[in-house]
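Visitor: Let me give you the structure first, and then I'll get to my questions.
The values are calculated or read from the model by the stated rules, or taken from the named source; none is laboratory data. Computed from a predicted model, the values in this text were never measured in an experiment. Cβ coordinates were reconstructed from backbone atoms using ideal geometry, including for glycine residues, and neighbour counts include every protein chain displayed. Protein only, heavy atoms only, side chains kept; ligands, DNA and RNA dropped before computing areas. Shrake-Rupley method; radii C 1.70, N 1.55, O 1.52, S 1.80 Å.
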Amino acid sequence: MKDQKRKTPEITKIVITGGPCAGKSTAMSWIQNAFMQMGYAVLFVPETATELMTGGVTPWTCGTNMDYQKCQMQLQIEKEKIFCLAAATMSADRVLIVCDRGALDNKAYMSDQDFEDILSSLDMNEVELRDNYDAVFHLVTAAKGAVEFYTTANNSARTETVEEAAAMDDRLLSAWTGHPHLRVIDNCTDFENKMRRLIAEISSFLGEPEPLEIERKYLIEYPDITWLEGDPYCQRIEIIQTYLKSDDDEEVRVRQRGIGGNYIYFKTTKKTISGIKRVEIEQRLSQKEYLSLLMDADTTRRQIRKTRYCLTYLGQYFEIDVYPFWSDKAIAEIELSDENATITFPAQIKVIREVTGDEDYKNASLAKI
């Protein structure tokens, strides 16, 4: 009797990032305990900077900081490839790969030009590098909001002062802004509850117990584009969204997302449960798969082209969509883990009204314009 073909596990790769003394080491233990109990095989990609520095490879022992950063990025990328290869061989149905920092963390430690030069030397682009991860969870340093707990004693590679740690936290958050699934875990609670909030955010992203999307949507006045593009915590993304033929109770779309000719592709299926709750299943596509699915486009709807501004503000992650057919208004969305969470808008965003659940302002409806 022939052996049955082994099923490839479902692999999810996430990043835990944040400023110095944010709780990442403790978070790894919490993640392992929580998600092993949920039936995941949990793999951890160790922090590359700590590995290199404790081994004697540092920015000050290499020729230049750029030389060091290039070594670190190459090692990070190769380590992740190995972990993904290993995960694919496992017997578990679901594998969660947790990266203790990701490749985009390096961006915070060098100039924009050096970062671009390194990407060019590695034949990579920022969109590909950033969106290679399924989700990013930023733990805010204790230097911001819990300064009495900030210490360098538990990591020999950590040398930053409180002020330096806070500034580094800002740069790291800026580096990851633009990722489609970025969540910020701040210090508004004690540390134990900070860890619980992290587990809740990861669980929500993974769809435990089911893949719910809790989203609020607002009609806003046309935003100040100069302000958005000048904000270091804002990233511009170009999106082309195409709706596919589907059943009445489903919404199926494919999306091209990126900037500067560098794109990634997704297929998303949504089913509505209530006004702001929907079951959402998202699948990464190759360019070939994306182009193939375009052949099944719903011809009663046009493609939606929009410029999205991903903005982090006070630990919240806004997505502001500007459409070519509107000159006086735009849409702002925010995903929540708690439907009763308080939302604080930047002063520059002028809300006209909430349109969550309003069929007129769904992209599927706008596609009929």
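Visitor: For the stretch 145-155, what are the residues that are modelled with pLDDT of 85 or more and open to solvent by 50 Å² or more (accessible area, probe 1.4 Å)?
Guide: The answer is Gly145, Val147, Glu148.
Visitor: Does Tyr243 satisfy the criteria of being at pLDDT 95 or above and in a strand (DSSP E or B)?
Guide: No: the conditions fail for Tyr243.
Visitor: Still on this structure: Would you please name the residue that is least open to solvent (accessible area, probe 1.4 Å), looking only at residues in the stretch 160-201 that are of a type in the set (Ser, Thr, Tyr) and outside any helix (DSSP H, G or I)?
Guide: The extreme case among them is Thr177.
Visitor: Please specify each residue of the stretch 319-369 satisfying the condition of being at pLDDT 95 or above, in a strand (DSSP E or B) and of a type outside the set (Asp, Glu).
Guide: Within the stretch 319-369, Ile320, Val322, Lys329, Ala330, Ile331, Ala332, Val351, Ile352, Arg353 meet the criteria.
Visitor: Which number in (1) in a strand (DSSP E or B); (2) closer than 15 Å to Asn106 by Cβ; (3) in contact with an Asp or Glu (Cβ under 6 Å, 6 or more places away or on another chain) marks the one condition that Lys13 misses?
Guide: Lys13 satisfies every listed condition except (2).
Visitor: Which of the residues spanning the stretch 299-343 are open to solvent by 30 Å² or more (accessible area, probe 1.4 Å), charged (D, E, K, R) and over 17 Å from the mean Cα position of the chain (by Cα)?
Guide: Arg301, Arg302, Arg305, Asp328, Lys329, Asp338, Glu339
Visitor: A further question on this structure: What are the residues in the stretch 346-369 that are hydrophobic (A, V, I, L, M, F, W, C), under 24 Å from Tyr313 (Cα atoms) and either more than 24 Å from the chain's Cα centre (by Cα) or surrounded by fewer than 17 Cβ atoms within 10 Å (Cβ to Cβ) (or both), if any?
Guide: Matches in the stretch 346-369: Ala347, Val351, Ile352, Val355.
Visitor: Also, I was wondering about something else. State the number of residues belonging to the stretch 18-27 that are assigned to a strand (DSSP E or B) and open to solvent by 30 Å² or more (accessible area, probe 1.4 Å).
Guide: The number of residues fulfilling the criteria is 0.
Visitor: So Thr300 clears everything in (1) in a loop (DSSP other than H, G, I, E, B); (2) more than 18 Å from Tyr243 (Cα to Cα); (3) not basic (Lys, Arg) except one condition, right? Which one?
Guide: With respect to (1) in a loop (DSSP other than H, G, I, E, B); (2) more than 18 Å from Tyr243 (Cα to Cα); (3) not basic (Lys, Arg), Thr300 is out only on (2).
Visitor: Quickly run through the stretch 295-315 and pick out the residues that are touching a strand residue (DSSP E or B) at 6+ places or on another chain (Cβ under 6 Å) and not charged (D, E, K, R).
Guide: Hits for the stretch 295-315 are Ala297, Gln303, Ile304, Thr307, Tyr309, Cys310, Leu311, Gly315.
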